[in-house]
Amino acid sequence: MQKKYDAVIVGANVAGSSIGYHLARNGFRVAMLDIYAGEDIGSHSCGDGLDVHEFKRLGIRMPKGEFIHGDVIRGKVIAPNRESELAAQGKIKAVHRYHFCQYLKDRAVDSGVSLVAPARASAPILKKDSVMGLKYKTLGGGALQSLNTNILIDASGLNACIRRQLPKDWWVTEQVDKKDIAVCYKESRIFRKPLVKKFIHGYFTSEIAPGGFYWLATRTTKLINVGLGINYRYMPLSPKRQLYTKILPRHPILKGSEVVWRGGGLVPRRRPLDCMVGNGFLAIGDAAAMVNPMSGGGIGPGMYAAELGGKIITAALEERDYSIEKLWQYNFQYNTTYGPVQAGNYILRKIIESLSDAQLNALLGAKLFSDKEIINVIESGKLELGYMDKLRKLGKLAKHPKLLLKLRALYKNMETARKIYRNYPADIDGFLKWRNTARKVFNKI
């Protein structure tokens with residue numbers, strides 16, 4: 001095995017395999033490491049939905065293959081008292097996540113990526129204030145080895161095992177606060193008899209999923225995904241225990257269903273990292289907090305970033321310039337396109353988490369949004385101007401003055417957050433000023 005590569009990727013899940021594919025297809029020497037053996041990659045993944053709107057809006061192709069279960073269109077957001085709900089008609093492609101990850105991994109390898117697995121990344125190799133390679137061990141007692149590379153890519157998930165080891169004065173080493181992390185647990189279950197219709201139901205209730213939500217999402221008429229996410233600050237509350245003691249007894253439809261897969265993990269639910277690159281380094285996927293803060297979905301953003309990163313790294317390799325200045329366009333283009341969506345939904349998520357169950361019951365009972373408006377808010381992180389006129393007419397919320405105050409601030413704060421990311425600096429010189437402004441504004445909000 002050769003020791004010098006144009007790019008080395010740590011992590012072979014969606015984002016890692018996707019960017020590896022783009023780079024290898026462009027003729028570069030690429031190595032990709034993963035802690036799991038090749039046949040196990042994707043077996044511990046959680047989310048299994050592709051939001052069609054994200055692929056269309058971001059201009060990337062919707063994956064096709066046997067890993068697609070089919071379309072799920074009907075969706076509902078349900079209040080804690082289960083008496084009020086909002087319907088939405090968004091379109092999601094349900095996928096078999098393991099087979100999907102295997103497809104992406106195989107596609108990368110078939111394009112020329114060298115897969116090193118199972119192997120554990122140990123540390124980045126630094127020289128003259130730049131990343132020059134990676135130290136790693138093959139699992140099973142192998143000796144410490146090294147790979148030299150022009151660009152090292154961290155796609156290792158929220159743990160960001162390489163990014164967090166870089167020098168602390170590098171902008172890319174920003175830490176994700178625990179209050180912006182969800183602890184998730186999910187099971188896939190098979191029904192004895194097929195359902196008549198497929199559906200996605202999301203439930204907000206602090207009793208079961210404090211700081212998050214739980215869901216029932218059919219993938220076929222016989223397969224259902226049931227799970228929940230809890231804000232990290234409520235640990236050691238166990239998501240798995242909550243599913244078995246709170247969710248299963250609440251939904252008779254699940255009685256007698258057979259568990260065919262279970263797993264969990266940590267998911268970032270925040271705005272994008274302020275900076276995602278360094279000299280000879282780039283972070284992608286969950287390692288760069290590329291996740292919609294409301295839905296927790298990261299497949300679309302990760303695949304978009306992979307195409308974007310593939311083009312920018314290709315230009316850097318062709319010009320033999322691996323500096324942060326050359327890679328900066330990755331920051332700029334991601335943060336000015338998908339960044340506003342994440343930032344707006346981050347504000348929406350924080351507001352919803354701050355509401356009591358009584359306030360959520362009142363809000364959902366007031367029918368503030370139409371189906372189309374619900375989808376638009378989640379897809380764009382943006383509230384329409386007519387939202388304020390609706391608030392003025394909502395006498396139903398007169399008994400909830402604190403809720404009204406929060407809702408009146410919501411539109412302004414979401415627009416402020418989106419504007420900050422639309423104004424992300426096009427070059428490195430404006431970054432520190434932008435970062436200071438962004439942190440002041442988000443801390444104030």
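The values are calculated or read from the model by the stated rules, or taken from the named source; none is laboratory data. Since the model is a prediction, treat every value here as computed from it, not as a measurement. Cβ placement follows ideal geometry from the backbone for every residue including glycine, while neighbour counts extend to all protein chains displayed.
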Exercise for the section: Within segment 277-292, identify whether any single residue is in a loop (DSSP other than H, G, I, E, B) and at positive phi, and answer yes or no. Expected result: yes
Exercise for the section: Find the residue count for segment 393-405, including only residues that are touching a residue at least 24 places away in the same chain (Cβ under 8 Å) and either hydrophobic (A, V, I, L, M, F, W, C) or buried (at least 18 other Cβ atoms within 10 Å of the Cβ) (or both). Expected result: 4
Problem - Count of segment 277-292 residues which are farther than 18 Å from residue 200 by Cα and at pLDDT below 95 - result: 1
Problem - Pairs where the first residue, in segment 195-212, is at positive phi and the second is at pLDDT 90 or above, C-beta under 7 Å, 6+ apart - result: 211/230; 211/231; 211/233; 211/234; 211/353
Handout entry: Candidates 236, 249, 272 - the one that is closer than 23 Å to residue 350 by Cα and without any contact (Cβ under 8 Å) to a residue 60 or more places away in the chain
Key = 236
Exercise for the section: Go through the residues of segment 379-386 one by one and say whether even a single one is of a type outside the set (A, V, I, L, M) and over 23 Å from residue 212 (Cα atoms). Expected result: yes
Fill in the blank from the handout: Per the filter on segment 390-408, residues among the charged types (D, E, K, R) and assigned to a loop (DSSP other than H, G, I, E, B) are 399
Handout entry: segment 145-167, residues that are farther than 18 Å from residue 42 by Cβ and surrounded by fewer than 24 Cβ atoms within 10 Å (Cβ to Cβ)
Key = 145, 146, 147, 148, 150, 161, 164, 165, 166, 167
Problem - Set 411, 424, 387: member being part of a helix (DSSP H, G or I), surrounded by 16 or more Cβ atoms within 10 Å (Cβ to Cβ) and within 26 Å of the chain's Cα centre (by Cα) - result: 411
Handout entry: Exclusive hit being among the aliphatic types (A, V, I, L, M) and in a loop (DSSP other than H, G, I, E, B), set 209, 182, 217
Key = 209
Problem - Number of the condition not met by residue 244 [criteria: (1) more than 30 Å from residue 315 (Cα to Cα); (2) touching a residue at least 24 places away in the same chain (Cβ under 8 Å)] - result: (2)
Problem - Yes/no for residue 341 being in a helix (DSSP H, G or I), within 22 Å of the chain's Cα centre (by Cα) and of a type outside the set (Lys, Arg) - result: yes
Practice task
Output yes when any residue across segment 361-372 is acidic (Asp, Glu), more than 15 Å from residue 410 (Cα to Cα) and surrounded by fewer than 19 Cβ atoms within 10 Å (Cβ to Cβ), and no when none is.
Solution key: yes
Problem - Residues located in segment 162-179, provided they are touching a residue at least 60 places away in the same chain (Cβ under 8 Å), in contact with a Ser or Thr (Cβ under 9 Å, 6 or more places away or on another chain) and not in a helix (DSSP H, G or I) - result: 162, 166
Practice task
Being surrounded by fewer than 24 Cβ atoms within 10 Å (Cβ to Cβ) and either in a helix (DSSP H, G or I) or basic (Lys, Arg) (or both) is the filter here, so list the residues in segment 317-329 that pass it.
Solution key: 317, 318, 319, 320, 324, 325, 326, 328, 329
Practice task
Please work out if residue 357 is assigned by TED's automatic domain parsing to the domain that holds residue 399 and either hydrophobic (A, V, I, L, M, F, W, C) or under 29 Å from residue 201 (Cα atoms) (or both).
Solution key: yes
Practice task
Give the residue, chosen from 378, 420, 428, 374, that is assigned by TED's automatic domain parsing to the domain that holds residue 347 and touching a Leu at 6+ places or on another chain (Cβ under 6 Å).
Solution key: 374
Fill in the blank from the handout: When every residue in segment 185-206 that is hydrophobic (A, V, I, L, M, F, W, C), closer than 22 Å to residue 79 by Cβ and not in a strand (DSSP E or B) is compared, the one modelled with the highest pLDDT is 204
Exercise for the section: Please state which of the following conditions residue 405 fails to meet, knowing it meets all the rest: (1) within 19 Å of residue 83 (Cβ to Cβ); (2) more than 26 Å from the chain's Cα centre (by Cα); (3) of a type outside the set (Val, Ile, Thr). Expected result: (1)
